[in-house]
Amino acid sequence: MASISLKGVTKIFGGKKAANQITFDVADREFLVLLGPSGCGKSTLLRMLAGLEQVTSGEVHVGARRVDTLPPSARDMAFVFQSYALYPHMTVRRNITFPLIMREHRWWFHLPLIGGIAKRRIEQTPAVRDLVERTARTLALTEMLDQYPRTLSGGQRQRVALGRAMVRQPDVFLMDEPLSNLDAKLRTSMRAEIIKLHREVGGTFVYVTHDQIEAMTMGTRIALMRDGVVQQFGTPREIYTDPANTFVARFIGTPPMNLIEARIEPRGLVIGKAVLPLPGHLAALGQQAARDVLLGIRPHALGLGNGVLAGQVALVEHVGAESIVSIKLDHANTAHSDDGESGDDVMVVVQGYSDLRAGQPVHLSLDLGEAVLFERDGQRIRVPALSRAA
Ligand code: ATP
């Protein structure tokens, strides 16, 4: 069993909290993605799991064992780094076999002649050869076993790094941005490889990235972090459809969710000069006191044509099958962050090649079926369950 449990894990570097009271549980065989912008503390959290960084306070448990007091070697976790960290003077075979050699390490392994013979002997043990060759087959590295890392492409090197983690047959795989040195095409194929690996090898995966597409496609659950704090912990779908605040709402989804200043009144949702009926899931709010809100609506839920919100086209971007149209609203403001500061234009995604030109007047229609509301400070407004049923 390799469930992972974090209890109030905190890391302070020189007075600054890189990780602040982090508490969550990861189930056995889950693929957890730690996601967030640069500097949010995701690598620090991963390194604390691995034992490469000490926790300042809090506890880390794997299965029934408390591990935060144990050295990395006693944690049964394999770490895959962004930089591959292969040994350049060793063949692919020796790189992959290396953790198995280290398991039987003796001081005289350092002696040139005797050490060399001992390492080769371990490498040629039938069980070791079999495991290494099976791993190489899984990762399509069989042809390259006798090559050196310098002769391999970035993707092949990262597969060797994965192989080295796999032969340890650990309970937990920890990966820190393993694909970020690869070009876009290779990243997509390696993404699929790692998902397959997780399915085939089992084990619990914890994977750090700042790339929301990686997080959405690979994770069974995502911990989205900012400034050392987990903003939301949930499945990719929950995080996309039910964001906890405007930071989460804007971090996930391309183009990001639109935030439009609005007001809830008994007569409906007021945006600039327009009044829209509240959809069923928000209707209960109409019975409460009038309040200022931010309307969160995805670009796909907006349409151009006979809409109620007047604006002007600011920019049209053609991205293959779709066009992204940016629109400056005439009578309403948008926000682009949780400080409520007014910012970006409204983004609309339309199918096909849009012939709209900058400066053209348009009218936006809104499908509020999946819209969400936030306080002006960015916190999500939850509609009371009782009223929702009404
Ligand atoms: P990136 O995606 O850029 O790697 P990250 O989310 O992984 O970012 P961390 O590397 O965990 O972020 O860093 C979190 C914060 O802790 C940052 O402000 C960083 O400067 C700080 N930090 C990390 N390691 C150390 C260290 N060894 N000493 C001092 N400060 C550190």
Selection from the stretch 150-194 of residues that are open to solvent by less than 20 Å² (accessible area, probe 1.4 Å), within 16 Å of the ligand (Cβ to nearest atom) and outside any loop (DSSP other than H, G, I, E, B):
L174, M175
Counted residues in the stretch 306-324 being within 15 Å of G352 (Cα to Cα) and either polar (S, T, N, Q) or open to solvent by 30 Å² or more (accessible area, probe 1.4 Å) (or both) come to 8
Would you be able to say whether some residue in the stretch 18-33 is among the hydrophobic types (A, V, I, L, M, F, W, C), closer than 24 Å to M218 by Cβ and in contact with a His (Cβ under 7 Å, 6 or more places away or on another chain)?
yes
Among F81, F109, the single one that is within 12 Å of the ligand (Cβ to nearest atom), at negative phi and modelled with pLDDT under 95 is F81
Test: K7 is more than 9 Å from the ligand (Cβ to nearest atom), open to solvent by 70 Å² or more (accessible area, probe 1.4 Å), touching a Gly at 6+ places or on another chain (Cβ under 6 Å) and in contact (Cβ under 8 Å) with a residue 40 or more places away in the chain
yes
Looking at L224, L197, which one is more than 16 Å from the chain's Cα centre (by Cα) and either in a helix (DSSP H, G or I) or not assigned by TED's automatic domain parsing to the domain that holds V350 (or both)?
L197
In the stretch 234-273, how many are in a strand (DSSP E or B) and without any contact (Cβ under 8 Å) to a residue 40 or more places away in the chain?
5
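Condition check ((1) open to solvent by less than 30 Å² (accessible area, probe 1.4 Å); (2) touching a Cys at 6+ places or on another chain (Cβ under 6 Å)) across all residues:
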site	(1), (2)
V208	yes, no
T220	no, no
M225	yes, yes
V230	no, no
A249	yes, no
T254	no, no
N258	yes, no
E261	no, no
Is it true that D68 is away from the ligand (no atom under 16 Å from the Cβ), within 19 Å of the chain's Cα centre (by Cα) and either in the same structural domain as Q232 (by TED's automatic domain parsing) or surrounded by fewer than 17 Cβ atoms within 10 Å (Cβ to Cβ) (or both)?
no
So is E59 at pLDDT 95 or above, open to solvent by 40 Å² or more (accessible area, probe 1.4 Å) and away from the ligand (no atom under 13 Å from the Cβ) or not?
yes
For the stretch 325-336, state whether one or more residues are surrounded by 13 or more Cβ atoms within 10 Å (Cβ to Cβ), in contact with a Ser or Thr (Cβ under 7 Å, 6 or more places away or on another chain) and free of Cβ contacts under 8 Å to residues at least 60 places away in the same chain.
yes
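The values are calculated or read from the model by the stated rules, or taken from the named source; none is laboratory data. From a predicted model like this one, the values you see are computed outputs, not experimental measurements. Every residue, glycine as well, gets a Cβ built from its backbone with ideal geometry; the counts of neighbours run over all protein chains shown. Note: areas computed on protein heavy atoms with side chains; ligands, DNA, RNA excluded. Shrake-Rupley method; radii C 1.70, N 1.55, O 1.52, S 1.80 Å.
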